[in-house]
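Colleague: Structure in structure tokens, see below.
The values are calculated or read from the model by the stated rules, or taken from the named source; none is laboratory data. None of these values were measured; they are calculated from a predicted model. Reconstructed Cβ throughout: ideal geometry from the backbone, glycine too, with neighbour counts over all protein chains shown.
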Amino acid sequence: MTVRHYYRYFQFVADMLACKHAIIGYMVGTYKEPHYRIDYRKGELCVTYQHSRSLNSVFERIAEACDTAKANKIKQNGTDGRG
């Protein structure tokens, strides 16, 4: 097992806390004995975890769903970034 890190900046604390809880739910629901630690301060979320492969793409999908600032920007621009 390798110790890995995931970092993400959030504009709103509520989004960061929602992401934290969603990641906890993912880890507890997916793995029998997950080894992880979640720290946050000044808008930055840091997930430290032990796993044989990187889970950053999973955490990024969770974070994207929790980031209302980005969702509002997409809504204002009228595009979802897919072209």
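Colleague: In the stretch 1-16, how many are surrounded by 14 or more Cβ atoms within 10 Å (Cβ to Cβ), closer than 17 Å to Thr48 by Cβ and not hydrophobic (A, V, I, L, M, F, W, C)?
Modeller: Going through the stretch 1-16 one residue at a time, the tally reaches 3.
Colleague: Now for a different question. Take Val47 and decide whether it is more than 10 Å from the chain's Cα centre (by Cα), modelled with pLDDT of 95 or more and not polar (S, T, N, Q). First the steps, then the outcome.
Modeller: Details: more than 10 Å from the chain's Cα centre (by Cα): no; modelled with pLDDT of 95 or more: yes; not polar (S, T, N, Q): yes.
For Val47, the condition - more than 10 Å from the chain's Cα centre (by Cα), modelled with pLDDT of 95 or more and not polar (S, T, N, Q) - is not met.
Colleague: Within the stretch 24-34, does at least one residue satisfy the condition of being under 20 Å from Thr2 (Cα atoms), part of a strand (DSSP E or B) and under 13 Å from the mean Cα position of the chain (by Cα)?
Modeller: Taking the stretch 24-34 as the starting set, the residues that turn out to be under 20 Å from Thr2 (Cα atoms) are 24, 26-28, 30-34.
Filter again for part of a strand (DSSP E or B), leaving none.
No, every residue in the stretch 24-34 fails to be under 20 Å from Thr2 (Cα atoms), part of a strand (DSSP E or B) and under 13 Å from the mean Cα position of the chain (by Cα).
Colleague: Residues of the stretch 5-23 being under 10 Å from the mean Cα position of the chain (by Cα) and either under 12 Å from Cys46 (Cα atoms) or in a strand (DSSP E or B) (or both), which ones?
Modeller: Within the stretch 5-23, Tyr6, Tyr7, Arg8, Tyr9, Phe10, Met16, Leu17, Cys19, Lys20, Ile23 meet the criteria.
Colleague: Within the stretch 1-27, track down each residue that is modelled with pLDDT of 95 or more and of a type in the set (Val, Ile, Thr).
Modeller: Val3, Ile23, Ile24
Colleague: With the requirement that a residue be among the hydrophobic types (A, V, I, L, M, F, W, C), in contact (Cβ under 8 Å) with a residue 24 or more places away in the chain, within 13 Å of Asp67 (Cα to Cα) and out of contact with any Leu (no Cβ under 7 Å at 6 or more places or on another chain), what does the stretch 15-56 give you?
Modeller: Kept after step one, since they are among the hydrophobic types (A, V, I, L, M, F, W, C), are these residues of the stretch 15-56: 16-19, 22-24, 27-28, 38, 45-47, 55.
Then drop every residue that is not in contact (Cβ under 8 Å) with a residue 24 or more places away in the chain, which leaves 16, 18-19, 22-23, 45-47, 55.
Adding the requirement that they be within 13 Å of Asp67 (Cα to Cα) leaves 16, 18-19, 22, 45.
Selection gives Ala18, Ala22, Leu45.
Colleague: Exactly one condition in (1) assigned to a helix (DSSP H, G or I); (2) loosely packed, with under 12 Cβ neighbours inside 10 Å; (3) modelled with pLDDT of 95 or more is not met by Val58; state its number.
Modeller: Of everything listed in (1) assigned to a helix (DSSP H, G or I); (2) loosely packed, with under 12 Cβ neighbours inside 10 Å; (3) modelled with pLDDT of 95 or more, Val58 misses just condition (2).
Colleague: Only residues that are loosely packed, with under 13 Cβ neighbours inside 10 Å and under 21 Å from Ala18 (Cα atoms): list them for the stretch 32-55, please.
Modeller: His35, Arg37, Asp39, Arg41, Lys42, Glu44
Colleague: How about the stretch 17-30: which of its residues are surrounded by 14 or more Cβ atoms within 10 Å (Cβ to Cβ) and out of contact with any Lys or Arg (no Cβ under 8 Å at 6 or more places or on another chain)? Spell out the reasoning first.
Modeller: In the first step, residues of the stretch 17-30 are kept if they are surrounded by 14 or more Cβ atoms within 10 Å (Cβ to Cβ); the result is 17-20, 22-24, 26-27.
Of everything in the stretch 17-30, those that are surrounded by 14 or more Cβ atoms within 10 Å (Cβ to Cβ) and out of contact with any Lys or Arg (no Cβ under 8 Å at 6 or more places or on another chain) turn out to be Leu17, Ala18, Lys20, Ala22, Ile23, Ile24, Tyr26, Met27.
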